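These notes are about the structure you will find just below.
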Amino acid sequence: MEKAELERQVAAAVDVARREVPLVGSVTNAVSVNFVANAQLAAGGSAAMVYLPDEAEFLAQAGGALYLNLGTLLPVHEETMPRGARAMRELGKPWVLDPVGIGIGSLRTGILKELKVCKPAIVRANASEVIALAGLWELDGGDVRARVRGVDSTDEVDAAEGAAVALARWTEGAVAVSGAVDLVTDGTVVATSRGGSPLMEKVTGFGCSLGGVAAVYAAVASPLAAALAATAAYNLAGARAFARAQAPGSFQAAFLDELYEASAADVAGNPFDIREV
């Protein structure tokens, strides 16, 4: 794919999302639910946060995409997440997976194993989570022993490229690996995106909300364009917010403002490199 064509698709994803306001259901963690919803709204989506199995299935029917984030699990999620993902798969609709905390506990491991066959359109995670997920799903480049420290990565983004490519090829979707330099791949090309701010690590929920915004764009664009649009939007808004806010609380508010105000051309114009794999 030519870089110019991918830029066009990224701009279209941002523009169409704002014009169509797609409904996106999210089963996300209690720590970040407010931030996820507000970021989805700022990006142009309509946010619906649910916990119960029948509500996830209802939103699969009514919505354009679904976001599943395993950050703070409740027992009900053992039923809610697989039922929601299966419904999306059966309907041919995109859903986004964030395997937060992979490797912590048997409930999380069991859910992630069950989600493999449902093939998410986008996996959004840090490097260690991507390596661990590929290992759990028995794909190339994976290692179930990847050094996930709680919810933090101990691996560099470059180290996860092989696992990300394997995951993308398995799902026939895209994988977005967050780090100092973000990596997005659909298994045939790799895009790298820069920007953001160190303060993103000082506010909980930035990674979770990125997955939620990726789901907004996934409702109206291809997995690769959606994943890169979300990544570019976050890098752009983060850099702009840091220019006017240097403390965590004011930075989060400034970030949401910048995400809301960024034009489609602004997001598509955030620098990225692309190469074939």
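The values are calculated or read from the model by the stated rules, or taken from the named source; none is laboratory data. Note that this is a predicted model, so its numbers are computed, not measured. No Cβ is skipped: glycine too gets one built from the backbone with ideal geometry, and neighbour counts run over all protein chains shown.
Of the numbered conditions (1) in a loop (DSSP other than H, G, I, E, B); (2) of a type in the set (Val, Ile, Thr); (3) closer than 20 Å to Val181 by Cα, Val123 satisfies every one except a single condition; which is it?
(1)
Answer yes or no as to whether Val21 is farther than 13 Å from Tyr217 by Cα and of a type in the set (A, V, I, L, M).
no
Tell me, please, whether a residue that is modelled with pLDDT of 95 or more, crowded, with 24+ Cβ neighbours inside 10 Å, within 14 Å of Ile122 (Cα to Cα) and in contact with a Phe, Trp or Tyr (Cβ under 9 Å, 6 or more places away or on another chain) can be found in the stretch 185-194.
Within the stretch 185-194 (the criterion being modelled with pLDDT of 95 or more, crowded, with 24+ Cβ neighbours inside 10 Å, within 14 Å of Ile122 (Cα to Cα) and in contact with a Phe, Trp or Tyr (Cβ under 9 Å, 6 or more places away or on another chain)), the answer is no, since none of the residues qualifies.
Here is a yes/no grid of residues against (1) surrounded by 20 or more Cβ atoms within 10 Å (Cβ to Cβ); (2) under 18 Å from Val96 (Cβ atoms); (3) out of contact with any Lys or Arg (no Cβ under 9 Å at 6 or more places or on another chain); (4) of a type outside the set (D, E, K, R):
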site	(1), (2), (3), (4)
Trp170	no, yes, no, yes
Val175	yes, yes, no, yes
Leu228	yes, yes, yes, yes
Thr231	yes, yes, no, yes
Phe242	no, no, yes, yes
Leu256	no, no, yes, yes
Phe272	yes, no, no, yes
Glu276	no, no, yes, no
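Output the number of residues of the stretch 25-48 satisfying the condition of being assigned to a helix (DSSP H, G or I), hydrophobic (A, V, I, L, M, F, W, C) and more than 12 Å from Val216 (Cβ to Cβ).
Total satisfying the criteria: 2.
List the residue pairs whose Cβ atoms are under 6 Å apart, where the first residue sits in the stretch 116-136 and is under 12 Å from Leu97 (Cα atoms), the second is of a type in the set (Lys, Arg) and part of a helix (DSSP H, G or I), and the two are 6 or more positions apart or on different chains.
Cys118/Arg86; Cys118/Arg89
Going by the conditions given, is Asp155 part of a loop (DSSP other than H, G, I, E, B), touching a Gly at 6+ places or on another chain (Cβ under 8 Å) and surrounded by fewer than 24 Cβ atoms within 10 Å (Cβ to Cβ)?
Judged against the criteria, Asp155 is not a match.
Kindly list the number of the only condition in (1) surrounded by fewer than 24 Cβ atoms within 10 Å (Cβ to Cβ); (2) under 10 Å from the mean Cα position of the chain (by Cα) that fails for Thr204.
Failed condition: (2).
From the list Glu138, Glu57, exactly one residue is in a loop (DSSP other than H, G, I, E, B) and either crowded, with 19+ Cβ neighbours inside 10 Å or more than 16 Å from the chain's Cα centre (by Cα) (or both). Which is it?
Glu138
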